[in-house]
Protein chains: 2
Amino acid sequence: MDVYEALYTTRAMRRVRPDPIPEAVQQKILDAAIRAPSGGNSQTWRFLLVDDKEVLGRLGPVYRDCLGQVFTVFYGDRVAAALADPDTPESVAMLSMKRSAEHLAEHFEEYPLMLFSFALGDPTGGSIHPSTWSACLAARAEGVGSAWTSAFALNVAPALEILGVPEAEGWRFASCVTFGYPTGRWGVAPRVPVHEVSYRNHWGTPVGFEVPAPLWSY
Amino acid sequence: MDVYEALYTTRAMRRVRPDPIPEAVQQKILDAAIRAPSGGNSQTWRFLLVDDKEVLGRLGPVYRDCLGQVFTVFYGDRVAAALADPDTPESVAMLSMKRSAEHLAEHFEEYPLMLFSFALGDPTGGSIHPSTWSACLAARAEGVGSAWTSAFALNVAPALEILGVPEAEGWRFASCVTFGYPTGRWGVAPRVPVHEVSYRNHWGTPVGFEVPAPLWSY
């Protein structure tokens with residue numbers, strides 16, 4: 001697969017089939033992940049695959065509690081605004097994202113594979129998130145959908161306990177990614193265009209070009 | 001370019017030519033970046049390209065001061081250990097990385113383009129670093145080398161002042177990436193293999209397979 005197809009179409013795929021992810025595909029996902037850079041090339045990361053239904057069954061209620069907090073606390077204002085005026089494009093997108101996220105929570109135990117990433121001594125996340133994003137891109141190349149969620153961070157202790165993470169050694173939860181073969185189609189997600197979120201040489205100075213439509217599409 | 005070639009060969013490229021990065025390539029880099037996911041699809045990010053030598057000239061001394069702190073404070077123990085026993089593979093790698101990082105600092109003003117990424121309300125970095133990593137992968141596809149550095153975080157205030165970042169609005173520095181056409185060759189960086197950094201279902205439980213050599217190579 002061309003790198004641009006992966007970069008443009010790796011969007012959250014939360015509706016997936018329960019079919020297992022073959023071990024050869026898991027190897028490709030993790031071997032791509034560890035090629036990413038890390039600060040000082042320290043590689044102080046751990047990748048924990050979860051496919052045991054008993055473990056997912058214990059994590060599920062924890063996740064649903066965390067996601068509830070995400071939408072009441074973290075996105076509380078945006079949800080309230082969307083519900084108050086549900087027909088604007090922003091509100092439609094917000095409520096669609098919320099439904100999709102809740103689908104993930106409700107079906108947590110049905111995902112065939114999850115990847116939990118952990119880092120040691122990485123205060124900015126810059127030494128762990130590139131590797132996890134590489135895992136998602138490699139999965140895309142293999143036809144496997146992914147959905148990245150940080151929601152466990154809202155109450156991470158129970159998840160760390162279930163997974164046996166040695167917090168006392170300094171290991172910190174970075175992200176959880178669900179994997180699965182999607183039921184829907186791949187596509188390019190709409191985004192605020194480059195020139196509205198980019199500057200040149202100083203904050204607020206136009207970047208100097210406009211990109212009104214995606215530079216890659218099917 | 002195949003997605004795996006990008007994932008396996010996008011390693012820190014700090015030795016680059018001063019030739020400018022064409023605007024069409026800059027557009028590809030940023031348009032790929034904004035396709036990445038962000039929490040709740042909030043896209044609360046800003047991308048600041050810097051190619052003005054006057055701005056780079058003001059940032060350079062700040063960066064060199066920060067990098068000095070990285071190697072005395074953050075990696076002080078590793079540097080001391082490497083200097084004490086410089087012939088082990090770990091020491092050779094550490095000292096090589098240090099020389100390469102110092103090359104970047106010494107030649108800071110000579111890079112033709114830099115990308116500063118900023119995020120709003122993203123405590124884990126999970127909503128900004130995937131976009132920046134996508135920028136690096138797109139650059140790789142265009143033959144442009146990148147080097148990701150977080151060193152400004154050691155003393156970020158002067159850099160934010162120079163770039164005019166409205167900290168009071170909540171915008172936070174996430175990363176700085178240098179770009180340039182490399183003087184050296186692309187290659188697959190050596191890494192600790194997957195089975196040494198991965199587990200399955202519980203911390204410490206073997207992942208169940210070994211990947212002794214990179215699954216992609218030239």
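All of the numbers you see were taken from the coordinates with simple rules; none came from a lab. It should be emphasised that the depicted structure is a prediction, and the values quoted were computed from it without experimental measurement. Don't worry about glycine lacking a Cβ; one is built from the backbone with ideal geometry, like all the others, and counts go over all protein chains shown.
How much net charge surrounds B:VAL188 when only other residues with a Cβ under 9 Å from its Cβ are counted (Lys, Arg +1; Asp, Glu -1)?
Value of the local net charge: +3.
Efficiency by 1/(1 + (r/R0)^6): what FRET value for A:ALA80 and A:ASP2, r their Cβ-Cβ distance, R0 = 45 Å, to the nearest 0.05?
The value I calculate is 0.60.
Local charge sum around B:ALA101 (other residues, Cβ-Cβ under 12 Å, Lys/Arg +1, Asp/Glu -1)?
+3
If you average 1/r over every pair of different alpha-carbon atoms in the protein assembly as shown and take one over that average, what Kirkwood value in Å do you get?
About 22.1 Å, per the Kirkwood formula over Cα pairs.
Just to be sure I understand the model, the point goes 7 Å from the Cα along the line to the Cβ. What's the resulting B:SER217 to B:ASP19 distance in nm?
2.9
Describe numerically, in nm with one decimal, the distance between label points set 7 Å from Cα along Cα→Cβ at B:THR88 and at B:GLU169.
The answer from the label model is 4.8 nm.
Calculate the mean, over all residues of peptide B:164-175, of how many other protein chain Cβ atoms lie within 10 angstrom of the residue's Cβ.
Per residue, the number of nearby Cβ atoms from other chains is 2 on average.
If you filter the stretch B:138-205 for trypsin sites (Lys or Arg not before Pro), then keep DSSP loop positions with at most 10 other Cβ within 10 Å, what is left?
Within the stretch B:138-205, the qualifying trypsin sites (Lys or Arg not before Pro) (loop, at most 10 other Cβ atoms within 10 Å) are B:ARG185.
Taking only C-alpha pairs under 8 Å that are 6+ residues apart, what is the relative contact order of the stretch A:105-218 in percent? Mind dumping the intermediate values first?
Working: 114 pairs, mean separation 34.3, N = 114.
Answer for the stretch A:105-218 is 30 percent.
With label points built 7 Å along Cα→Cβ from the Cα atoms of B:GLU196 and B:THR183, find their separation and express it in nm.
Taking the two extended label points, one gets 3.1 nm.
Which chymotrypsin sites (Phe, Trp or Tyr not before Pro) in the stretch B:38-105 sit in a loop by DSSP (not H, G, I, E or B) and have at most 16 other Cβ atoms within 10 Å of their own Cβ?
Working: sites: B:TRP45, B:PHE47, B:TYR63, B:PHE71, B:PHE74, B:TYR75; in loops: B:TYR75.
Passing sites in the stretch B:38-105 do not exist.
Round to the nearest 0.05 the FRET efficiency obtained for B:GLU54 and A:VAL73 when R0 = 35 Å and r is the Cβ-Cβ distance.
0.20
Run the numbers on chain A and let me know its relative contact order in percent, using alpha-carbon pairs under 8 Å that are six or more apart.
It rounds to 35 percent for chain A.
Looking at the square roots a ≥ b ≥ c of the eigenvalues of the Cα gyration tensor of chain A, which shape do they give, rounded for a/c under 1.5, prolate if a/b is larger than b/c, or oblate?
Here chain A falls in the rounded category.
For every other residue with a beta carbon closer than 14 angstrom to the beta carbon of A:THR205, add +1 if it is Lys or Arg and -1 if Asp or Glu, then tell me the sum.
Its environment carries a net charge of -2.
In percent, what relative contact order does the stretch B:22-140 have, based on Cα pairs under 8 Å that are 6 or more apart in sequence?
Over the stretch B:22-140, the number comes to 50 percent.
Does a label point 7 Å from the Cα of B:HIS107, set along Cα-to-beta-carbon, have any residues of the stretch B:75-95 with amide nitrogen under 20 Å, and which are they?
Under cut-off, by backbone N: B:93-95.
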